[in-house]
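Some notes on the structure that comes next.
The values are calculated or read from the model by the stated rules, or taken from the named source; none is laboratory data. Just so it is clear, the model here is predicted, and its values are computed rather than measured. Ideal geometry is used to build each Cβ from the backbone, glycine not excepted, and the neighbour counts take in all protein chains shown. Protein only, heavy atoms only, side chains kept; ligands, DNA and RNA dropped before computing areas. Shrake-Rupley method; radii C 1.70, N 1.55, O 1.52, S 1.80 Å.
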Amino acid sequence: MTAANAQKISVENRLRQYKKKSQMRTIWNRLKKNRLAIFGLALFLVMLAVVSTADIYYNYEQDAIAQHLSLRFKGPGQTAGHPLGTDQYGRDVLARVIYGGRISMFVGLATICVSLSLGSLIGATAAYYGGKVDNILMRIMDVFLAIPNILMAITLVAAFGTSLLNLILAMGLAGTPKMSRIVRSSVLSIIGTDYIEAARACGTGDMRIIFRHILPNAMGPILVQATQTVARSVITVSSLSFIGLGISEPTPEWGAMLSAAKSQLRYHPYLAVSPGIAIVMVVVSLTLLGDGLRDAMDPRLKN
């Protein structure tokens, strides 16, 4: 590589980094104007902070796990220290909702890490190499896309067990095909740009081009898909726990709490209201954020 080529690539990299910072600033300015998106972001961050700091104001074993039969079925506000009441075993409903959110939100975020990692690798590889590699990888993904995510997750969990790790891997694998399609589409839109061709001409390795130059510049649609995937993952893990294939008692989890409350809906409906509202809040917050990111990253929209 000549000195002139090296200098040209250096200048192009600096220009690209400056342009990227300018684009990020523009996206953030557009996002700030969307009040619903900011509300969704703030709501999700608040809920994440609450579940992350639960140990400060609650004792997990004493408040969320241990049984206090003398306090069973106390409604909201009937006893001091239990603002949302107690369940059939005398456990604090608010404490279980908060600790249940820790599991549900952790599973949702961990799931997107699995599906994003695998989907990015498969989608970027298919788009970069094209030809037979693209056809083989995408046809395999098409086979799995024909299977609904929830059905695939149920099958994998039923086959390998209901541990937390198996649940995350099952949901992550179920979401990989769609993520790979999104990544492939994003990569194809920038694969022929000048700085990619310049990197190839300089002898840069394929993996370095993919992970250093292509994926960072294709993250817009991927981030939007990621927020929606986390929301769907929270619903999926709650659904699996509701039917007994996810997190089981006595571990608090929103779907498991709804499953335990369904037999008490007639006389103690408050047991289902709290975890149900928590699920809705997470899903709505991430949906609003995802819609806001999609609008902010749309180049056809003006400031």
From (1) open to solvent by 40 Å² or more (accessible area, probe 1.4 Å); (2) under 13 Å from S233 (Cβ atoms), pick out the condition that doesn't hold for L121. (2)
Taking F73 as the residue in question, decide whether it is outside any helix (DSSP H, G or I) and either closer than 22 Å to A256 by Cβ or open to solvent by 60 Å² or more (accessible area, probe 1.4 Å) (or both). yes
Only one residue in G108, G81 is small (G, A, S) and open to solvent by less than 40 Å² (accessible area, probe 1.4 Å). Which one? G108
List pairs: first residue in the stretch 133-155 and in contact (Cβ under 8 Å) with a residue 24 or more places away in the chain, second residue open to solvent by 60 Å² or more (accessible area, probe 1.4 Å) anywhere in the structure, Cβ distance under 7 angstrom, at least six positions apart or on different chains. M141/R181; L145/K178
Before we move on, is R208 open to solvent by 40 Å² or more (accessible area, probe 1.4 Å) and in contact (Cβ under 8 Å) with a residue 12 or more places away in the chain? no
Restricting the search to the stretch 194-205, which residues are free of Cβ contacts under 8 Å to residues at least 12 places away in the same chain and either closer than 27 Å to D291 by Cα or not in a helix (DSSP H, G or I) (or both)? T204, G205
Could you please tell me which pairs satisfy a Cβ distance under 7 Å, a separation of 6+ or placement on different chains, a first residue in the stretch 13-41 that is at pLDDT 55 or above, and a second residue that is not in a helix (DSSP H, G or I)? I27/M297; N29/N303; R30/L301; R30/N303
If you go through the stretch 43-63, how many residues are open to solvent by less than 60 Å² (accessible area, probe 1.4 Å) and without any contact (Cβ under 8 Å) to a residue 12 or more places away in the chain? 2
Here the residues within the stretch 235-278 that are touching a Gly at 6+ places or on another chain (Cβ under 8 Å), β-branched (V, I, T) and in a helix (DSSP H, G or I) are V237
Can you tell me which of (1) on the phi < 0 side of the Ramachandran plot; (2) open to solvent by 40 Å² or more (accessible area, probe 1.4 Å) is the one G203 doesn't meet? (1)
Return the only residue of V183, V143, V187 being part of a helix (DSSP H, G or I), within 21 Å of A226 (Cβ to Cβ), over 19 Å from the mean Cα position of the chain (by Cα) and not basic (K, R). V187
Out of the residues in the stretch 228-246 that are open to solvent by 20 Å² or more (accessible area, probe 1.4 Å) and either modelled with pLDDT of 85 or more or out of contact with any helix residue (DSSP H, G or I) (no Cβ under 6 Å at 6 or more places or on another chain) (or both), state the one that is nearest to L258 (Cα to Cα). F242
